[in-house]
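Following: one structure in structure tokens, then a few remarks.
The values are calculated or read from the model by the stated rules, or taken from the named source; none is laboratory data. Being a predicted model, the structure only gives us computed values, none of them experimental. FYI the Cβ positions are ideal-geometry reconstructions off the backbone, even for glycines, and counts take in every protein chain you see. The accessibility values were calculated without ligands, DNA or RNA, using every heavy atom of the protein model including side chains. Shrake-Rupley method; radii C 1.70, N 1.55, O 1.52, S 1.80 Å.
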Number of protein chains: 2
Amino acid sequence: MKPTIYDIAREAGVSATTVSKVINNKGRISEKTKAKIVKIMEDLHYQPSVLASAMKGKNTFTIGIIIPDMNNPVYSEYLKLIEAYGRELGFSILICNTNNDPEKEEEQVTLFRQRQVDGFIIASKFKNDEVLKELINENFPLVLFALERPELSIDCVTIDDFLGGYKVTEYLLSLGHRQIGLMTEDAESSLERVRGYKRALLNADVEYNEKLIYQSETTIDRAVEQAGKLLDSKDKPTAIFGCNDVLAVGTLMAAKHRGIKIPNELSVIGFDNTFMCKIVEPQLSSVSVPLGEMGRQAMDLLISKIDKTNKSKQRIKMLPDLVIRETTARVYEKDAN
Amino acid sequence: MKPTIYDIAREAGVSATTVSKVINNKGRISEKTKAKIVKIMEDLHYQPSVLASAMKGKNTFTIGIIIPDMNNPVYSEYLKLIEAYGRELGFSILICNTNNDPEKEEEQVTLFRQRQVDGFIIASKFKNDEVLKELINENFPLVLFALERPELSIDCVTIDDFLGGYKVTEYLLSLGHRQIGLMTEDAESSLERVRGYKRALLNADVEYNEKLIYQSETTIDRAVEQAGKLLDSKDKPTAIFGCNDVLAVGTLMAAKHRGIKIPNELSVIGFDNTFMCKIVEPQLSSVSVPLGEMGRQAMDLLISKIDKTNKSKQRIKMLPDLVIRETTARVYEKDAN
DNA sequence: TTGAAAGCGCTAACAG
DNA sequence: CTGTTAGCGCTTTCAA
């Protein structure tokens, strides 16, 4: 059996309270007894039970992370960073992969709460607002990651999707593209990216054409499919902006299947700047987001809520950067040949 | 505040014991009181505290997963599958990404145990055998995943790495290759794959050349680096077997940098059959492993240990399959040109 | 069929 | 500086 605080107390000839005090570095105890207790704890490999102390209202030092798909490299990367940073701070991570299924989202929140997580970081779009609202009402520690809820009063750290979409489009326009296709995803963030895209078109006096916009689930296969439709459509784009790298990689593949030369006949640019960008050929231009910094911010923010050191809510928005690689080029001029 | 079992009891005009019994479906209670209690629990959104019941010696329904790198698509995929299956069975997943750092491994095991996980699934190679041995001695529920410890009496589910390595090499030999390079990783599984490779060479009467073997960390960048050395070496291989897809993709890239045509001038084959195989060009041949089935088996095995329904230890070994895509071809014959 | 009492391992008053 | 006491939310005898 694992030793309990009483075993230590008995061994040291003191009370459990005293042991508790040295564990938590609280109250005042003589250096001598303290040293003795510490030694005994070590000898017996004593580890306090997080459960028992949590039952007394203390933290479990466990947080729940809810993400849509950890197979998407952005999320696996993010998860990895969060886990590492969390561990540094003494927190363990309970994960849930939702596939954006609202039922799972709700189910997991209650499951995690039964396990008394100290807080949540949520990256999966909650279709089910009720759950979110309940959490907010209870003032339960919670931060949204790369996900916004404009209508909800809630902490979040996101990237400036509008700016990202804008920059991409502006860059493509500067290369002479006028028919710029868009592969989007059913997510708030993509909506913003599309808004940035539209604004850039507007500012450049280029007409917006709805038919150049295709939505797809974020899997390679579906992206290939949808991008195929876009490429086969009448309004042939000379450039395509994928609202995330998965979508962009799918686009790349669809183009290759059709013998379309990249970047000469078609420019493609993604979003997220995942490792996929470097392994496809040609290497994918993309938009980089400071994932590490974002994860850190999200954690710090969450912990400040858990510790109640910070009561005010905030939206932190990080700015994205263009990373130009090999899939973007000046528009292909038929007349030139 | 969240309602407790006492709140329910009071509301229903019964004792906490009775409520506990309906929660756990134990003992005998009249349908009538049962119905009343159930209704009240629903009305109050009552969720029993896992912590409190765990304190009475019950399960936490939480298991710890320890993996080396969730950015490696094999692991993220596996993690995703495990999480889904675990949830189906009512278990939540605590994760830890170790980067194969023995300190983190040990640290996490104690951390997870403080949180009273019901068991572990470990995919990260434990350099620190002591921790593993301790767990085994205590008979703590534990299964190794895609990882073996031949010297330890421990449950595990792995793939037959030897067979995988053998098949790859056999296939490459059948294409006429004789100079077959190897990109390996510091892991038990890779050792087995190498053993398969050697055996295949032996069986085919092809001499084994140590200089064709390069070890690398499993990251794209390091793989590119190491593969570069292999490609630049005197013993120029006509084919390279990457002990995992990351290594193989790195090899592919290194070859491209050097203008080596694939598969005409160099065949490359990976291991794991991750989604990367399909997005690189040409598409990577690889070895598929039944990850889903393996995850399921690992979970089932672990749970049988937790429930103590199964005392006997076992090693489950799944068989891998070759998936031939576009990076493998008959050896390039200089004379033919 | 139901309930009273004890206790899991810990911590927080409060006394001494 | 240290210890006594009570109790977190639940389950488990055992008795009624």
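Going by a 1.4 Å probe on protein heavy atoms, which residues of segment A:62-107 end up with at least 30 Å² less accessible surface in the whole assembly than in their chain alone?
A:70, A:71, A:76, A:80, A:83, A:87, A:92, A:93, A:94, A:95, A:97
Take chain A, connect every pair of alpha-carbon atoms lying under 10 Å apart with a spring to form a Gaussian network, then pick out the residue of A:59, A:24, A:244 with the largest mean-square fluctuation.
Highest fluctuation among the options: A:24.
As I understand it, the value is the acute angle between the Cα axis of helix A:245-257 and the longest principal axis of the Cα atoms of chain A; what does it come to in degrees, rounded to 10?
That helix lies at roughly 30 degrees to the long axis.
Over segment A:205-274, what relative contact order in percent results from Cα pairs under 8 Å that are six or more residues apart?
Over segment A:205-274, the number comes to 31 percent.
Could you state how much accessible area is buried at the A-B interface, both sides summed, with a 1.4 Å probe, in Å² to the nearest 100?
Interface between A and B: roughly 4600 Å².
With just the Cα atoms defining each centre, how far is segment B:265-297 from segment A:10-88? Give it in Å.
Measuring centre to centre over Cα atoms gives 40 Å.
What FRET efficiency, computed as 1/(1 + (r/R0)^6) with R0 = 22 Å and r the Cβ-Cβ distance, is obtained for residue A:300 and residue A:322, rounded to the nearest 0.05?
Using R0 = 22 Å, I get an efficiency of 0.20.
Return the loop-located trypsin sites (Lys or Arg not before Pro) in segment B:209-270 (DSSP other than H, G, I, E, B) with at most 15 other Cβ atoms within 10 Å of their own Cβ; answer none if there are none.
Within segment B:209-270, the qualifying trypsin sites (Lys or Arg not before Pro) (loop, at most 15 other Cβ atoms within 10 Å) are B:234, B:258, B:261.
Keeping every protein chain present and rolling a 1.4 Å probe, give me the accessible area per residue for chain B in Å².
Per-residue accessible area for chain B comes out at 45 Å².
Give me the percent of accessible area attributable to carbon and sulfur for segment A:1-78, probe 1.4 angstrom.
Ligands and nucleic acids excluded, carbon and sulfur give 54 percent.
Have a look at B:70, B:206, A:176 and report the one farthest towards the positive end of the charge dipole of the protein assembly as shown, computed about the Cα centre with Cβ charges (Lys/Arg +1, Asp/Glu -1).
About the Cα centre, the residue reaching furthest to the positive side is B:70.
Cα centroid distance between segment A:123-184 and segment B:89-123, in Å?
A separation of 32 Å, based on Cα centres.
In degrees from 0 to 90, rounded to the nearest 10, what is the angle of the helix A:188-203 Cα long axis to the longest principal axis of chain A?
Roughly 40 degrees between the two axes.
For labels at residue A:39 and residue B:39 in the simple 7 Å Cα→Cβ model, what's the distance in nm?
6.4 nm
Which length gain, in nm to one decimal place, applies between residue B:6 and residue B:139 when the Cα-Cα distance is subtracted from 0.36 nm times their residue separation?
So the chain would gain 44.3 nm between residue B:6 and residue B:139.
Counting only GluC sites (Glu not before Pro) that are in a DSSP loop and have at most 10 other C-beta atoms within 10 Å, tell me the longest site-free stretch of chain B.
With a cap of 10 other Cβ atoms within 10 Å, the longest stretch comes to B:1-150.
Using 13 Å as the cut-off for backbone N distance, which residues of segment B:161-204 belong to the label zone defined by a point 7 Å from the Cα of residue B:330 along Cα→Cβ?
In segment B:161-204, the label zone of residue B:330 (backbone N under 13 Å from the point 7 Å along Cα→Cβ) covers B:174-177.
As an exercise, take the mean of 1/r over every pair of distinct alpha carbons in segment A:148-248, invert it, and state the Kirkwood radius in angstroms.
One over the average 1/r among Cα pairs gives 13.9 Å for segment A:148-248.
Tell me, in nm to one decimal, what length is gained between residue B:235 and residue B:99 on full extension, where the rule is 0.36 nm per residue of separation less the Cα-Cα distance?
Length gained, residue B:235 through residue B:99: 45.8 nm.
Work out the P(r) tail for chain B: percent of alpha carbon pairs separated by more than 33 Å, whole number.
When every Cα pair of chain B is considered, 41 percent fall beyond 33 Å.
Got the residue A:174 label distances to the other copies yet, label 7 Å along Cα→Cβ, in nm, shortest first?
Going from nearest to farthest copy, the values are 5.3 nm.
Rounded to the nearest 5, what % of DSSP beta bridges with both residues in the protein assembly as shown are antiparallel?
Antiparallel: roughly 15 percent of the beta bridges in the protein assembly as shown.
Over the Cα atoms of segment A:32-100, Rg to Rh with Kirkwood Rh, two decimal places?
1.19
For segment B:184-237, report the % of Cα-Cα distances exceeding 12 Å.
68 percent
If you count the DSSP beta bridges with both ends in chain A, what percent of them are antiparallel, to the nearest 5?
Within chain A, antiparallel bridges account for around 10 percent of the total.
For segment A:134-194, which whole-number percentage of the solvent-accessible area (1.4 Å probe, protein heavy atoms only) is attributable to carbon and sulfur atoms?
Whole-percent figure for carbon plus sulfur exposure: 48.
Just to check, using Stokes-Einstein with a Kirkwood Rh over alpha carbon pairs, what's the diffusion coefficient of segment B:1-158 at 37 °C and 0.692 mPa s in µm²/s?
Rounded, D is 183 µm²/s.
Compute the helix-to-body angle for B:220-232: its Cα long axis versus the longest principal axis of chain B, expressed 0 to 90° and rounded to tens.
The angle comes out near 20 degrees.
With a Förster radius of 30 Å, plug the Cβ-Cβ distance of residue A:308 and residue A:129 into 1/(1 + (r/R0)^6) and report the FRET value to the nearest 0.05.
Efficiency, from the Cβ-Cβ distance: 0.75.
When DSSP beta bridges are limited to those with both residues in segment A:194-337, what percentage is antiparallel, rounded to the nearest 5?
Roughly 40 percent of the DSSP beta bridges within segment A:194-337 come out antiparallel.
Give the carbon-plus-sulfur fraction of the accessible surface of segment B:210-337 in %, rounded to a whole number; probe 1.4 Å, heavy atoms of protein chains only.
46 percent
Å³ per residue of the Cα convex hull, for the protein assembly as shown?
Here the figure is 191 Å³ per residue.
Starting from a label point 7 Å past Cα on the Cβ side, list the distances from residue A:293 to the same position in the other copies, nm, shortest first.
With the label placed 7 Å along Cα→Cβ, residue A:293 yields 4.7 nm.
What area, in nm² and to one decimal, does the C-alpha convex hull of segment A:74-131 cast on average over all directions?
4.1 nm²
Go through B:104/B:261; A:58/A:125; A:80/A:305; A:104/B:133 and tell me which ones have a Cα-Cα distance over 32 Å in this structure.
B:104/B:261; A:104/B:133
Please compute the volume of the convex hull spanned by the alpha-carbon atoms of segment B:178-337 and report it per residue in Å³.
129 Å³
So what is the orientation-averaged projected area of segment B:263-337, using the convex hull of its C-alpha atoms, in nm²?
Over every viewing direction, the Cα hull of segment B:263-337 projects on average to 6.7 nm².
To the nearest µm²/s, what D does Stokes-Einstein give for segment B:119-202 at 37 °C and 0.692 mPa s, using the Kirkwood radius over alpha carbon pairs as Rh?
Estimated diffusion coefficient is 231 µm²/s.
Quote the relative contact order of chain B in percent (integer), defining contacts as alpha-carbon pairs under 8 Å separated by 6+ residues.
15 percent
If you scale each eigenvalue of the Cα gyration tensor by 5 and take the root, what three semi-axes come out for segment A:1-47, rounded to whole angstrom and sorted largest first?
In descending order, the three semi-axes are 16, 10, 9 Å.
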